[in-house]
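Once you've had a glance at the structure underneath, I'll fire off some questions.
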Amino acid sequence: MSNAAIAPETLETIKSLDKYEAGFITDIESDFAPKGLNEDIIRFISAKKNEPDWMLESRLTAYRHWLTLPEPQWANVSFPPVDYQDAYYYAAPKTASAPKSLDELDPKLLETYKKLGIPLREQEMLNGIAVDAVFDSVSVVTTFREKLHSAGVIFCSISEAVQKYPDMIKKYMGSVVPYTDNKHACLNAAVFTDGTFVYIPEGVRCPMELSTYFRINEAKTGQFERTLIVAEKKSYVSYLEGCTAPKRDENQMHAAVVELIAMDDAEIKYSTVQNWYPGDENGKGGIYNFVTKRGICKGARSRISWTQVETGSAITWKYPSCVLLGDDSVGEFYSVALTNNYQQADTGTKMIHIGKNTRSRIIAKGISAGKSNSTYRGLVRIAQKAENARNYTQCDSLLIGDLCGAHTVPYIENKNPTATLEHEATTSKISDKTLFYCRQRGIPEEEALTLIVNGFCKEVLQHLPMEFAVEAQKLVAISLEGSVG
Amino acid sequence: MLKIKNLHVTAAGRPVLKGLSLEMKAGEVHAIMGPNGSGKSTLSYVLAGRDGYEVTDGTVEFMGQDLLAMEPEDRAALGLFLAFQYPVEIPGVSTTTFLKTALNAIRKKRGEKELEPAQFLKLQKQKIKDLGMDAEMMKRGVNVGFSGGEKKRNEVLQMAMLAPKLAIMDETDSGLDIDALKVVSEGVNALRGPDRSFLVITHYQRLLDYIKPDIVHVLANGKIQKTGGPELALLLEEKGYADFYDATEAA
């Protein structure tokens, strides 16, 4: 890639970033923890973060419990046992081996970003050139801090929140996803290194979309971020999470936990575009994306909406869920899961209806290409006291080629006769006839495929904020590359 | 403009076209009539480049190029358009998005500048108006929930937008009532011009009352059996295809 292809302002940006990097390199390098996992490592992490004793104790409790937990086995995915001792649990996002400038990068990767339309600042972040996640979250916070501050909104890293808002963290962290929930969430509770805390006070409509880019930069680093969003009565927040990781041959583990809490009349919209490195064409490398996301509609008439576009990761294991505790509360789940090559996705949701007149809506679109496997797994549970609960579920699978698989596993548990449950499921294949129709109109085959798949996903993509929807459409195109012809 | 010489095609191992030859000049309207199974649809698919048909002999030259060596999308860019007998439905993709993608893909291949959304919409609006179509339909998924007549009209709209050199119409009259047939035919007639040729494939003479051909061919048993003026279509209507079967079998 020549410099001529890169805009002048881009080069300026990189230069300025290089300066930043030089100033911080010593600090960053000292932040490595030794490989492996034991109580000392956890003490190391806690000490590095200068955490209070209660936080360390909470981590150790989780760790001791983790040792007793078996790996979850029920998902329709297969992979060799994870060697937890062969990973770093606290690592700096920058090493000497990282690329110094865009010129050293794999041109194919740059091409991908160009197609994605990801702004260059973010490209650098994704590639680990000069910016790191810390840098970015600082910049986000400083840019918007004033505006958010005047609205009373707290938007900071979880480490900062542990220091500054210990009462809230003590009260809410682990209240939706306790460390006993499952092995991956438990590991997160023991070793989480960063993440985001959002607090929206009563009656406040958050003045902007909040967004955080997560990224796994370092080889053999697990990423264990933790997100906690609390929306007080009559408040509203829309949160965007984008995930990308550079190419590595090894499998890396990502075990995140996200907890959402919505009080009376509050609304939380949580959108994810997940594009972790999926592994290569032969299934080598890629991220293990083992994520626990759950929201509780604690108050009456509260609403939580999950929208996710999952195109990355070697393995996705993820079930953003809603506990509908408050009367008249609403849970929504809109999902696109696209797998290609040897990717495996087992994803879906749980809608737990407890309050009266609670409603939930599930729209899940699975696209499988190559030799990949995609499973929708969803639970709708109507508790005994959930009078007049309603659920609508629609699962559509689209197959591209003959070597992929799509599976739908809906679970329904109903203990209340007044419930109304609807479930629709379809499986279809992109027919040669449809592709030919598009090509006859002059649309090349891969573009035609992208067009058809984006049409298939439209119902979900329209729930994403505008800029994300455009990015997601491009991601779909990129993820499908090489799946025809 | 189009020269088909001694075309032999097999589909699923069975010979369908057995030495078809046909020549068309710019601006001409040719009709191909023939009984079921004579190879009418095969001809349209082979010209457009659909998979599943094997050309065992013969050549096709279109706009001076070897048509059979090209990908379907390249044939489209060169100016070949096929109005389908059964247009497909594409859920979630609006007709506007579909057409914009198609037109810009073709323009790009021809080395022309892609249209800005505003330019495209202006053009589309005009064509919709010309065809007396409902603009609301453009927002719906391509052909999703369209009636038979609406689907065929949508084909004509696409034809109008892509402005081909050669439009092949594969049994466009099938499934249309007389009113819909009139509307579609008027749309096609409005597109006739010295630079645009039509190859109208049909089973019935009826369509040719509305789209008047310059030349009529009778296709039976994989070959053009007879070529004549519009009067040939009327003869066929009267006597049916029986004579041509006999001729074929005797040969």
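Would you please put B:19-29, A:380-390, B:158-168 in order of how densely packed they are, using the mean number of other Cβ atoms within 10 angstrom per residue and starting with the highest?
B:158-168, A:380-390, B:19-29
Shifting gears a bit: Mind checking B:72-85 for the average number of partner chain beta-carbons within 10 Å of each residue's beta-carbon? Present the calculation step by step, with values, prior to reporting the outcome.
Values: counts 12, 10, 3, 3, 6, 2, 1, 0, 2, 3, 4, 1, 4, 0.
Whole-number average of other-chain Cβ neighbours for B:72-85 is 4.
Can you pull the one-decimal nm distance between simple spin-label points at A:GLU57 and B:SER147, each 7 Å off the Cα toward Cβ?
7.6 nm
Kindly rank B:120-132, A:412-424 from highest to lowest mean number of other beta carbons found within 10 Å of each residue.
On the way: B:120-132: 15.0, A:412-424: 13.1.
In decreasing order of mean packing, B:120-132, A:412-424 become B:120-132, A:412-424.
From the backbone phi of region B:14-22, what are the Karplus-calculated ³J(HN,Hα) couplings (6.51 cos²θ - 1.76 cosθ + 1.60, θ = phi - 60°) in whole Hz, Gly and Pro given as x?
After applying 6.51 cos²θ - 1.76 cosθ + 1.60, I find 9, x, 10, 9, 10, x, 7, 10, 6 Hz.
Follow-up question, since we're still on this one. Could you pull out every residue, at least 5 positions away or on a different chain, whose amide H is within less than 5 Å of the one on A:THR307? Hs are placed 1.01 Å off N in the peptide plane, and Pro or chain starts have none.
HN-HN under 5 Å from A:THR307: A:TYR270, A:SER271, A:THR272, A:TYR334.
My understanding is that a pair violates if its Cα-Cα distance is over 24 Å; which of A:LYS371/B:LYS109; B:LYS25/B:LYS182; A:LYS474/B:LYS108; A:LYS269/A:LYS298; A:LYS147/A:LYS293 do that in this structure?
Details: A:LYS371/B:LYS109 32 Å; B:LYS25/B:LYS182 26 Å; A:LYS474/B:LYS108 19 Å; A:LYS269/A:LYS298 15 Å; A:LYS147/A:LYS293 28 Å.
Flagged as over cut-off: A:LYS371/B:LYS109; B:LYS25/B:LYS182; A:LYS147/A:LYS293.
Which of the three applies to region B:1-144, rounded, prolate or oblate, going by the alpha-carbon gyration tensor with a ≥ b ≥ c and a/c under 1.5 meaning rounded?
Working: a/c = 2.14, a/b = 1.75, b/c = 1.22.
In terms of gyration-tensor shape, prolate.
Still on this structure: Each residue of region A:471-477 in order: what ³J(HN,Hα) in whole Hz does its phi give by Karplus 6.51 cos²θ - 1.76 cosθ + 1.60, θ = phi - 60°, with x for Gly and Pro?
My calculation for region A:471-477 gives 4, 5, 4, 5, 4, 4, 4 Hz in order.
Another question about this same structure. Step by step: find N for region A:408-485, compute 2.2 N^0.38 Å, then divide the Cα radius of gyration by it. What's the final number?
Working: Rg = 17.3 Å, N = 78, 2.2 N^0.38 = 11.5 Å.
It is 1.50.
Suppose R0 equals 25 Å; then what is the FRET efficiency for B:ASN6 and B:ALA242 from their Cβ-Cβ distance, rounded to the nearest 0.05?
0.40
How many percent of the accessible area of region A:444-485 is carbon or sulfur, using a 1.4 Å probe?
Details: 940 of 1720 Å².
Of all accessible area on region A:444-485, carbon and sulfur atoms account for 55 percent.
Using r as the Cβ-Cβ distance of A:VAL409 and B:ASP134, and R0 as 41 Å, what FRET efficiency do you calculate, to the nearest 0.05? Spell out each step's value before the answer.
Numbers: r = 42 Å, r/R0 = 1.03.
Once rounded, the FRET efficiency stands at 0.45.
A further question on this structure: Which FRET efficiency value, to the nearest 0.05, is calculated for B:ILE178 and A:LYS433 with the Förster distance at 35 angstrom and r the Cβ-Cβ distance? Intermediate results must be reported in sequence, preceding the final value.
Numbers: r = 28 Å, r/R0 = 0.81.
It comes out at approximately 0.80.
How large, in Å, is region A:244-389 by the Kirkwood hydrodynamic radius built from its alpha-carbon pairs?
Its Kirkwood hydrodynamic radius stands at 15.6 Å.
Please list, in order along region A:251-258, the HN-Hα scalar couplings obtained from phi with the Karplus expression 6.51 cos²θ - 1.76 cosθ + 1.60 (θ = phi - 60°), rounded to whole Hz, x for Gly and Pro.
Once rounded to whole Hz, the list reads 7, 10, 9, 10, 10, 9, 10, 10.
While we're on this one: Per residue of A:429-439, how many C-beta atoms from partner chains lie within 10 Å of its own C-beta, taken as a mean? Present the calculation step by step, with values, prior to reporting the outcome.
Working: counts 0, 1, 1, 3, 4, 4, 4, 10, 13, 11, 12.
For peptide A:429-439, the averaged partner shielding equals 6.
Compute the distance from the alpha-carbon center of region A:365-395 to that of region B:70-128, in whole Å.
Centre-to-centre distance over Cα atoms comes out at 37 Å.
Same structure, new question: Along the charge dipole of region B:182-251, pointing to its positive end and built from +1/-1 on Cβ of Lys, Arg, Asp and Glu, which listed residue (B:LEU236, B:ASN221, B:PRO194) has its Cα farthest out?
Toward the positive end, the furthest listed residue is B:PRO194.
What distance in nm separates the simple spin-label points at A:LYS164 and A:GLU71, each placed 7 Å from Cα in the Cβ direction?
Distance between the two pseudo-spin positions: 4.0 nm.
The values are calculated or read from the model by the stated rules, or taken from the named source; none is laboratory data. Computed from a prediction, not measured in an experiment: that's the story for all the values here. Because the Cβ atoms are built from the backbone with ideal geometry, glycine has one as well, and the counts that use them run over all protein chains shown. Heads up: the accessible areas ignore ligands, DNA and RNA and are worked out on the full protein's heavy atoms, side chains in. Shrake-Rupley method; radii C 1.70, N 1.55, O 1.52, S 1.80 Å.
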